[in-house]
Amino acid sequence: MTFPAFDGGTPARAVVDLDAISDNVRALRERAPSSDLMAVVKADGYGHGMLPAARAALAGGATWLGAATAAEALGLRAGLAGADVRVLVWLLTPGAPFADLVRADVDVTVAAPWALDEVAAGARAAGRTARVHVKVDTGLSRGGVAAGDLPDVARRAAALEASGELRVVGVFSHLACADEPGHPSIARQAAAFTAALEVTAAAGLRPEVRHLANSAATLTLPELHLDLVRPGISVYGLAPGPLLGAPGDHGLRPAMTFQSRLANVKQVAAGEGVSYGHLYTTSQDTTVGLVPVGYADGVPRHASGGSAGPGGPVAVGAGSAGSAGRVLRVAGRVCMDQLVLDLGPGAGERAGDVVTLFGSSDGVAHGAAIPNAQDWADAAGTISYEIVTRLGARVPRVYVSEGKVQQ
Ligand SMILES: Cc1ncc(COP(=O)(O)O)c(C=O)c1O
(Lines give C-alpha, C1' and ligand atoms only; values in the text may rest on other atoms or scores of the structure.)
Protein backbone atom coordinates (compact mmCIF):
# COMPACT_ATOMS: atom_id res chain seq x y z
CA MET A 1 0.00 0.00 0.00
CA THR A 2 1.20 3.55 -0.68
CA PHE A 3 0.97 5.69 2.39
CA PRO A 4 -0.39 9.22 2.27
CA ALA A 5 2.00 12.02 3.22
CA PHE A 6 2.11 12.95 6.91
CA ASP A 7 0.28 16.16 7.73
CA GLY A 8 2.81 18.70 8.92
CA GLY A 9 3.53 18.32 12.61
CA THR A 10 1.43 15.20 13.23
CA PRO A 11 3.54 13.14 15.65
CA ALA A 12 1.86 9.80 14.98
CA ARG A 13 -0.99 8.17 13.13
CA ALA A 14 -2.58 4.82 12.49
CA VAL A 15 -3.24 4.28 8.81
CA VAL A 16 -6.17 1.87 8.42
CA ASP A 17 -6.42 0.09 5.10
CA LEU A 18 -10.15 -0.40 4.67
CA ASP A 19 -9.63 -2.58 1.60
CA ALA A 20 -7.61 -4.97 3.77
CA ILE A 21 -10.62 -5.31 6.10
CA SER A 22 -12.96 -6.02 3.17
CA ASP A 23 -10.48 -8.48 1.65
CA ASN A 24 -9.96 -10.22 4.99
CA VAL A 25 -13.70 -10.70 5.34
CA ARG A 26 -13.80 -12.14 1.81
CA ALA A 27 -10.97 -14.53 2.71
CA LEU A 28 -12.79 -15.59 5.89
CA ARG A 29 -16.01 -16.17 3.99
CA GLU A 30 -14.11 -18.47 1.65
CA ARG A 31 -12.99 -20.41 4.73
CA ALA A 32 -16.57 -20.77 5.91
CA PRO A 33 -18.56 -20.81 2.68
CA SER A 34 -21.70 -22.36 4.15
CA SER A 35 -21.99 -20.00 7.09
CA ASP A 36 -22.97 -16.38 7.48
CA LEU A 37 -20.26 -14.10 8.84
CA MET A 38 -20.50 -11.76 11.80
CA ALA A 39 -17.64 -9.26 11.88
CA VAL A 40 -16.85 -8.48 15.50
CA VAL A 41 -16.38 -4.73 15.76
CA LYS A 42 -16.44 -4.27 19.54
CA ALA A 43 -13.78 -2.17 21.29
CA ASP A 44 -13.88 0.46 18.54
CA GLY A 45 -13.33 -2.16 15.87
CA TYR A 46 -10.35 -3.58 17.80
CA GLY A 47 -8.90 -0.07 17.80
CA HIS A 48 -9.37 0.49 14.07
CA GLY A 49 -12.54 2.60 14.37
CA MET A 50 -15.89 0.89 14.78
CA LEU A 51 -17.94 2.44 12.00
CA PRO A 52 -15.31 2.50 9.24
CA ALA A 53 -14.37 -1.08 10.13
CA ALA A 54 -18.02 -2.11 10.10
CA ARG A 55 -18.64 -0.52 6.70
CA ALA A 56 -15.55 -2.18 5.24
CA ALA A 57 -16.60 -5.53 6.69
CA LEU A 58 -20.06 -5.19 5.14
CA ALA A 59 -18.44 -4.38 1.80
CA GLY A 60 -16.51 -7.66 2.13
CA GLY A 61 -19.68 -9.66 2.69
CA ALA A 62 -20.32 -9.66 6.43
CA THR A 63 -24.05 -9.79 7.14
CA TRP A 64 -23.84 -9.54 10.91
CA LEU A 65 -21.90 -7.23 13.26
CA GLY A 66 -20.92 -8.19 16.79
CA ALA A 67 -20.75 -5.72 19.67
CA ALA A 68 -19.89 -6.24 23.32
CA THR A 69 -21.69 -3.29 24.91
CA ALA A 70 -25.10 -1.72 24.46
CA ALA A 71 -23.47 1.62 23.60
CA GLU A 72 -21.51 -0.03 20.80
CA ALA A 73 -24.59 -1.74 19.39
CA LEU A 74 -26.66 1.45 19.49
CA GLY A 75 -23.72 3.33 17.94
CA LEU A 76 -23.67 0.84 15.08
CA ARG A 77 -27.36 1.27 14.44
CA ALA A 78 -27.10 5.07 14.59
CA GLY A 79 -24.04 5.16 12.35
CA LEU A 80 -25.26 2.61 9.82
CA ALA A 81 -28.85 3.78 9.47
CA GLY A 82 -30.59 1.88 6.71
CA ALA A 83 -27.90 -0.81 6.39
CA ASP A 84 -29.25 -4.31 5.87
CA VAL A 85 -27.30 -5.94 8.69
CA ARG A 86 -28.04 -7.80 11.88
CA VAL A 87 -26.34 -6.49 15.01
CA LEU A 88 -25.79 -8.68 18.08
CA VAL A 89 -24.78 -7.40 21.51
CA TRP A 90 -23.58 -9.88 24.13
CA LEU A 91 -22.21 -8.20 27.26
CA LEU A 92 -25.08 -6.66 29.19
CA THR A 93 -25.48 -5.83 32.86
CA PRO A 94 -28.71 -5.46 34.84
CA GLY A 95 -30.35 -2.17 33.95
CA ALA A 96 -29.00 -2.22 30.37
CA PRO A 97 -31.18 -0.27 27.90
CA PHE A 98 -33.07 -3.31 26.64
CA ALA A 99 -36.01 -1.27 25.34
CA ASP A 100 -33.66 0.96 23.32
CA LEU A 101 -31.86 -2.06 21.95
CA VAL A 102 -35.07 -3.77 20.90
CA ARG A 103 -36.39 -0.53 19.38
CA ALA A 104 -33.12 -0.16 17.46
CA ASP A 105 -33.54 -3.67 16.04
CA VAL A 106 -30.51 -5.05 17.86
CA ASP A 107 -30.39 -8.78 18.65
CA VAL A 108 -29.76 -9.11 22.38
CA THR A 109 -28.01 -11.85 24.30
CA VAL A 110 -29.40 -13.64 27.29
CA ALA A 111 -26.22 -14.79 28.99
CA ALA A 112 -27.60 -15.13 32.52
CA PRO A 113 -31.01 -15.99 34.01
CA TRP A 114 -31.70 -12.37 35.13
CA ALA A 115 -31.54 -11.13 31.53
CA LEU A 116 -34.71 -12.94 30.44
CA ASP A 117 -36.96 -10.80 32.65
CA GLU A 118 -35.20 -7.60 31.63
CA VAL A 119 -35.34 -8.34 27.91
CA ALA A 120 -39.03 -9.23 28.21
CA ALA A 121 -39.70 -5.95 30.04
CA GLY A 122 -37.70 -4.09 27.40
CA ALA A 123 -39.71 -5.70 24.62
CA ARG A 124 -42.98 -4.73 26.30
CA ALA A 125 -41.74 -1.14 26.69
CA ALA A 126 -40.62 -1.05 23.07
CA GLY A 127 -43.84 -2.64 21.85
CA ARG A 128 -41.88 -5.15 19.76
CA THR A 129 -40.81 -8.75 19.96
CA ALA A 130 -37.16 -8.96 21.04
CA ARG A 131 -34.78 -11.12 19.05
CA VAL A 132 -32.76 -13.09 21.56
CA HIS A 133 -29.63 -15.23 21.38
CA VAL A 134 -29.07 -17.50 24.37
CA LYS A 135 -25.37 -17.67 25.21
CA VAL A 136 -24.43 -20.87 26.96
CA ASP A 137 -21.30 -21.53 28.96
CA THR A 138 -19.74 -24.66 27.48
CA GLY A 139 -16.48 -24.50 29.41
CA LEU A 140 -15.00 -21.02 29.20
CA SER A 141 -16.48 -20.33 32.66
CA ARG A 142 -16.82 -16.65 31.82
CA GLY A 143 -20.10 -15.35 30.40
CA GLY A 144 -23.05 -17.47 29.40
CA VAL A 145 -25.83 -19.42 31.06
CA ALA A 146 -24.42 -22.21 33.23
CA ALA A 147 -25.34 -25.73 32.09
CA GLY A 148 -27.31 -26.27 35.29
CA ASP A 149 -29.44 -23.16 34.68
CA LEU A 150 -30.07 -23.84 31.00
CA PRO A 151 -33.19 -26.06 31.26
CA ASP A 152 -34.98 -23.42 33.33
CA VAL A 153 -33.82 -20.52 31.11
CA ALA A 154 -34.92 -22.45 28.00
CA ARG A 155 -38.32 -23.25 29.52
CA ARG A 156 -38.91 -19.62 30.55
CA ALA A 157 -37.71 -18.37 27.14
CA ALA A 158 -40.18 -20.70 25.44
CA ALA A 159 -42.98 -19.30 27.62
CA LEU A 160 -41.97 -15.73 26.69
CA GLU A 161 -41.96 -16.76 23.03
CA ALA A 162 -45.49 -18.03 23.44
CA SER A 163 -46.60 -14.74 24.97
CA GLY A 164 -44.91 -12.77 22.20
CA GLU A 165 -42.26 -10.85 24.16
CA LEU A 166 -39.31 -12.50 22.50
CA ARG A 167 -38.15 -14.96 19.97
CA VAL A 168 -35.00 -17.04 20.49
CA VAL A 169 -33.29 -16.67 17.13
CA GLY A 170 -29.84 -17.83 18.20
CA VAL A 171 -27.97 -20.10 20.55
CA PHE A 172 -24.23 -19.59 20.91
CA SER A 173 -21.14 -20.13 22.97
CA HIS A 174 -17.50 -19.03 23.00
CA LEU A 175 -14.36 -21.16 22.89
CA ALA A 176 -11.54 -20.97 25.43
CA CYS A 177 -8.57 -22.41 23.53
CA ALA A 178 -9.38 -22.47 19.81
CA ASP A 179 -6.02 -20.83 19.10
CA GLU A 180 -4.23 -23.91 20.48
CA PRO A 181 -4.70 -26.60 17.84
CA GLY A 182 -5.72 -29.93 19.36
CA HIS A 183 -6.43 -28.52 22.81
CA PRO A 184 -8.72 -31.05 24.54
CA SER A 185 -11.14 -28.32 25.67
CA ILE A 186 -12.18 -27.74 22.05
CA ALA A 187 -13.84 -31.15 21.66
CA ARG A 188 -15.30 -30.89 25.18
CA GLN A 189 -16.86 -27.50 24.41
CA ALA A 190 -18.20 -28.72 21.07
CA ALA A 191 -19.87 -31.67 22.82
CA ALA A 192 -21.25 -29.40 25.54
CA PHE A 193 -22.66 -27.12 22.87
CA THR A 194 -24.40 -30.03 21.16
CA ALA A 195 -25.87 -31.00 24.53
CA ALA A 196 -27.02 -27.41 25.11
CA LEU A 197 -28.75 -27.39 21.72
CA GLU A 198 -30.60 -30.54 22.74
CA VAL A 199 -31.77 -28.81 25.92
CA THR A 200 -33.04 -25.75 24.05
CA ALA A 201 -34.70 -27.94 21.40
CA ALA A 202 -36.39 -30.00 24.11
CA ALA A 203 -37.90 -26.76 25.46
CA GLY A 204 -39.32 -26.08 22.00
CA LEU A 205 -36.85 -23.37 20.92
CA ARG A 206 -36.02 -23.31 17.21
CA PRO A 207 -33.08 -20.90 16.68
CA GLU A 208 -32.18 -19.73 13.17
CA VAL A 209 -28.49 -19.55 13.97
CA ARG A 210 -26.18 -21.63 16.12
CA HIS A 211 -22.73 -20.10 16.46
CA LEU A 212 -19.48 -20.97 18.14
CA ALA A 213 -16.52 -20.02 15.94
CA ASN A 214 -14.19 -17.10 16.70
CA SER A 215 -11.29 -16.32 14.33
CA ALA A 216 -9.22 -19.33 15.32
CA ALA A 217 -12.13 -21.72 14.79
CA THR A 218 -13.11 -19.99 11.56
CA LEU A 219 -9.58 -20.53 10.26
CA THR A 220 -8.90 -24.02 11.56
CA LEU A 221 -12.05 -25.84 12.72
CA PRO A 222 -14.53 -26.13 9.83
CA GLU A 223 -16.65 -28.59 11.80
CA LEU A 224 -17.48 -25.75 14.21
CA HIS A 225 -18.56 -23.19 11.63
CA LEU A 226 -22.26 -24.05 12.05
CA ASP A 227 -24.69 -21.36 10.79
CA LEU A 228 -22.64 -18.29 11.59
CA VAL A 229 -18.98 -17.57 12.31
CA ARG A 230 -17.89 -14.66 14.54
CA PRO A 231 -14.35 -13.64 13.65
CA GLY A 232 -12.83 -10.55 15.24
CA ILE A 233 -9.04 -10.28 15.13
CA SER A 234 -8.74 -11.93 11.71
CA VAL A 235 -11.07 -9.33 10.20
CA TYR A 236 -8.31 -6.85 10.99
CA GLY A 237 -5.74 -9.09 9.36
CA LEU A 238 -4.03 -10.53 12.42
CA ALA A 239 -3.59 -14.19 13.24
CA PRO A 240 -5.31 -15.26 16.47
CA GLY A 241 -2.05 -16.35 18.05
CA PRO A 242 1.51 -17.44 17.36
CA LEU A 243 0.53 -21.11 17.12
CA LEU A 244 -1.65 -20.36 14.10
CA GLY A 245 1.13 -18.85 12.00
CA ALA A 246 1.31 -15.49 10.29
CA PRO A 247 -1.57 -13.53 8.74
CA GLY A 248 -0.34 -14.29 5.23
CA ASP A 249 -0.60 -18.03 5.92
CA HIS A 250 -4.37 -17.50 6.03
CA GLY A 251 -4.67 -15.02 3.18
CA LEU A 252 -5.05 -12.13 5.64
CA ARG A 253 -3.23 -8.82 5.75
CA PRO A 254 -3.00 -6.45 8.69
CA ALA A 255 -5.20 -3.41 8.23
CA MET A 256 -3.45 -1.09 10.65
CA THR A 257 -0.06 0.56 10.25
CA PHE A 258 1.14 2.60 13.24
CA GLN A 259 3.62 5.26 12.24
CA SER A 260 5.42 8.15 13.82
CA ARG A 261 8.22 10.51 12.82
CA LEU A 262 11.55 11.21 14.43
CA ALA A 263 11.25 14.34 16.54
CA ASN A 264 14.94 14.64 17.36
CA VAL A 265 18.19 13.05 16.15
CA LYS A 266 21.39 13.69 18.11
CA GLN A 267 24.74 12.35 19.18
CA VAL A 268 25.22 10.59 22.52
CA ALA A 269 28.60 9.43 23.82
CA ALA A 270 29.50 5.83 24.68
CA GLY A 271 28.50 4.69 28.16
CA GLU A 272 25.51 7.03 28.56
CA GLY A 273 22.22 5.81 30.03
CA VAL A 274 19.17 6.27 27.82
CA SER A 275 15.61 7.15 28.96
CA TYR A 276 14.10 6.76 32.46
CA GLY A 277 15.89 4.38 34.74
CA HIS A 278 18.86 4.07 32.38
CA LEU A 279 17.85 0.52 31.43
CA TYR A 280 19.87 0.90 28.25
CA THR A 281 23.46 2.10 28.04
CA THR A 282 25.11 3.12 24.79
CA SER A 283 27.98 0.80 23.91
CA GLN A 284 29.70 3.31 21.61
CA ASP A 285 29.48 6.92 20.51
CA THR A 286 26.18 6.85 18.69
CA THR A 287 23.18 8.66 17.29
CA VAL A 288 19.83 8.44 19.06
CA GLY A 289 16.44 9.20 17.58
CA LEU A 290 13.43 10.34 19.57
CA VAL A 291 10.07 8.86 18.57
CA PRO A 292 7.15 10.91 19.93
CA VAL A 293 4.86 8.02 20.95
CA GLY A 294 4.64 6.30 24.30
CA TYR A 295 2.38 4.31 26.54
CA ALA A 296 -0.28 7.03 26.44
CA ASP A 297 -0.51 6.23 22.75
CA GLY A 298 -0.71 2.51 23.41
CA VAL A 299 2.94 1.58 23.05
CA PRO A 300 3.37 -1.02 25.79
CA ARG A 301 5.85 -0.05 28.49
CA HIS A 302 6.58 -3.76 28.85
CA ALA A 303 8.26 -3.52 25.44
CA SER A 304 11.02 -1.29 26.85
CA GLY A 305 14.50 -2.42 25.82
CA GLY A 306 17.63 -2.83 27.88
CA SER A 307 19.31 -5.20 30.25
CA ALA A 308 16.11 -7.20 30.72
CA GLY A 309 15.63 -7.91 27.01
CA PRO A 310 15.18 -6.38 23.60
CA GLY A 311 12.56 -3.68 23.17
CA GLY A 312 9.74 -3.53 20.68
CA PRO A 313 10.74 -3.36 17.00
CA VAL A 314 10.57 -0.16 14.96
CA ALA A 315 11.25 0.15 11.24
CA VAL A 316 13.14 3.33 10.49
CA GLY A 317 12.67 4.92 7.11
CA ALA A 318 10.11 2.38 5.91
CA GLY A 319 7.29 3.98 4.00
CA SER A 320 9.26 7.04 2.96
CA ALA A 321 10.25 7.15 -0.71
CA GLY A 322 9.35 3.48 -1.07
CA SER A 323 12.23 2.39 1.15
CA ALA A 324 11.87 -0.77 3.22
CA GLY A 325 13.93 0.76 6.03
CA ARG A 326 15.75 -1.12 8.78
CA VAL A 327 14.38 -2.53 11.99
CA LEU A 328 15.74 -1.36 15.34
CA ARG A 329 14.65 -2.15 18.90
CA VAL A 330 13.44 0.39 21.45
CA ALA A 331 16.40 1.56 23.54
CA GLY A 332 15.47 1.96 27.20
CA ARG A 333 12.13 2.68 28.79
CA VAL A 334 9.02 3.45 26.80
CA CYS A 335 7.83 6.72 28.41
CA MET A 336 4.32 8.18 28.48
CA ASP A 337 4.76 10.15 25.26
CA GLN A 338 8.06 9.07 23.74
CA LEU A 339 10.64 6.40 23.21
CA VAL A 340 14.24 6.36 22.00
CA LEU A 341 16.00 4.40 19.25
CA ASP A 342 19.75 3.86 19.07
CA LEU A 343 20.29 4.62 15.40
CA GLY A 344 24.00 3.73 15.55
CA PRO A 345 27.13 5.75 14.80
CA GLY A 346 27.00 7.91 11.70
CA ALA A 347 23.28 7.26 11.16
CA GLY A 348 21.82 9.16 8.25
CA GLU A 349 18.32 9.63 9.65
CA ARG A 350 16.97 13.09 10.25
CA ALA A 351 14.21 14.63 12.30
CA GLY A 352 10.96 14.15 10.38
CA ASP A 353 11.83 10.70 8.99
CA VAL A 354 9.00 8.19 9.20
CA VAL A 355 9.22 5.29 11.64
CA THR A 356 6.80 2.38 11.59
CA LEU A 357 6.07 0.49 14.79
CA PHE A 358 3.89 -2.11 13.14
CA GLY A 359 2.08 -2.50 9.89
CA SER A 360 0.88 -4.52 7.03
CA SER A 361 3.52 -7.17 6.63
CA ASP A 362 4.16 -10.58 8.06
CA GLY A 363 6.55 -9.03 10.53
CA VAL A 364 10.22 -9.19 11.39
CA ALA A 365 9.90 -12.74 12.62
CA HIS A 366 8.85 -13.73 9.13
CA GLY A 367 11.62 -12.07 7.22
CA ALA A 368 9.89 -8.85 6.28
CA ALA A 369 11.18 -5.40 7.06
CA ILE A 370 8.11 -3.98 8.79
CA PRO A 371 7.23 -5.40 12.19
CA ASN A 372 3.68 -6.44 12.89
CA ALA A 373 1.45 -6.33 15.94
CA GLN A 374 2.46 -9.90 16.85
CA ASP A 375 6.11 -8.79 17.06
CA TRP A 376 5.08 -6.09 19.55
CA ALA A 377 2.98 -8.61 21.42
CA ASP A 378 6.01 -10.88 21.69
CA ALA A 379 8.17 -8.00 22.93
CA ALA A 380 5.57 -7.00 25.54
CA GLY A 381 4.51 -10.48 26.65
CA THR A 382 0.95 -10.04 25.42
CA ILE A 383 -1.25 -10.77 22.40
CA SER A 384 -1.70 -8.80 19.19
CA TYR A 385 -5.32 -8.07 20.20
CA GLU A 386 -4.06 -5.89 23.04
CA ILE A 387 -1.55 -4.08 20.85
CA VAL A 388 -4.12 -2.83 18.33
CA THR A 389 -7.01 -2.38 20.77
CA ARG A 390 -5.06 -0.23 23.22
CA LEU A 391 -3.83 2.24 20.61
CA GLY A 392 -4.49 5.59 22.25
CA ALA A 393 -7.29 7.99 21.45
CA ARG A 394 -4.82 10.75 20.61
CA VAL A 395 -3.44 8.76 17.66
CA PRO A 396 -5.49 9.88 14.66
CA ARG A 397 -6.81 7.10 12.47
CA VAL A 398 -6.30 7.82 8.78
CA TYR A 399 -8.56 5.71 6.58
CA VAL A 400 -7.35 4.68 3.16
CA SER A 401 -9.23 2.89 0.41
CA GLU A 402 -8.12 2.35 -3.17
CA GLY A 403 -5.03 4.43 -2.44
CA LYS A 404 -7.03 7.47 -1.34
CA VAL A 405 -7.55 8.96 2.08
CA GLN A 406 -11.22 8.76 3.11
CA GLN A 407 -12.68 11.81 4.82
C1 LIG B 1 -18.45 -13.73 21.99
C2 LIG B 1 -17.31 -13.43 21.08
N3 LIG B 1 -17.34 -13.88 19.83
C4 LIG B 1 -16.33 -13.66 18.97
C5 LIG B 1 -15.22 -12.95 19.34
C6 LIG B 1 -14.11 -12.73 18.35
O7 LIG B 1 -12.94 -13.40 18.76
P8 LIG B 1 -11.61 -13.29 17.89
O9 LIG B 1 -11.20 -11.87 17.91
O10 LIG B 1 -10.65 -14.19 18.59
O11 LIG B 1 -11.96 -13.76 16.54
C12 LIG B 1 -15.14 -12.45 20.65
C13 LIG B 1 -13.94 -11.73 21.09
O14 LIG B 1 -13.45 -11.83 22.15
C15 LIG B 1 -16.20 -12.70 21.54
O16 LIG B 1 -16.18 -12.24 22.79
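Within the range 147-164, can one find any residue that is assigned to a loop (DSSP other than H, G, I, E, B) and on the phi < 0 side of the Ramachandran plot? The answer is yes; a qualifying residue exists. Counting only helices (runs of 4 or more DSSP H) wholly contained in the range 34-105, the ones carrying 3 or more residues that are at positive phi occupy 42-46. Just to be sure, is D137 at positive phi and touching a residue at least 24 places away in the same chain (Cβ under 8 Å)? Answer is no for this residue.
The residues in the range 177-219 that are within 14 Å of the ligand (Cβ to nearest atom) and in a helix (DSSP H, G or I) can be counted, and the count is 8.
Note on the range 224-323: enclosed strands (runs of 3 or more DSSP E) holding 1 or more residues that are crowded, with 20+ Cβ neighbours inside 10 Å, among the aromatic types (F, W, Y) and more than 16 Å from the ligand (Cβ to nearest atom) are 256-261.
Considering the range 193-208, and only residues there that are in contact with a Ser or Thr (Cβ under 9 Å, 6 or more places away or on another chain) and crowded, with 17+ Cβ neighbours inside 10 Å, the residue that is nearest to A147 (Cα to Cα) turns out to be A196.
Among the residues of the range 69-87, those identified as within 16 Å of the ligand (Cβ to nearest atom), closer than 15 Å to G45 by Cβ and buried (at least 17 other Cβ atoms within 10 Å of the Cβ) are E72, A73, L76, V87.
Would you check if there is a residue in the range 9-29 being within 16 Å of the ligand (Cβ to nearest atom), on the phi > 0 side of the Ramachandran plot, among the hydrophobic types (A, V, I, L, M, F, W, C) and not assigned by TED's automatic domain parsing to the domain that holds E386? No - not one qualifying residue is present in the range 9-29.
The values are calculated or read from the model by the stated rules, or taken from the named source; none is laboratory data. Owing to the predicted nature of the structure, the values given are computational and were not obtained by experimental measurement. As a convention, Cβ positions derive from the backbone with ideal geometry for all residues, glycine included, and neighbour counts pool all protein chains shown.
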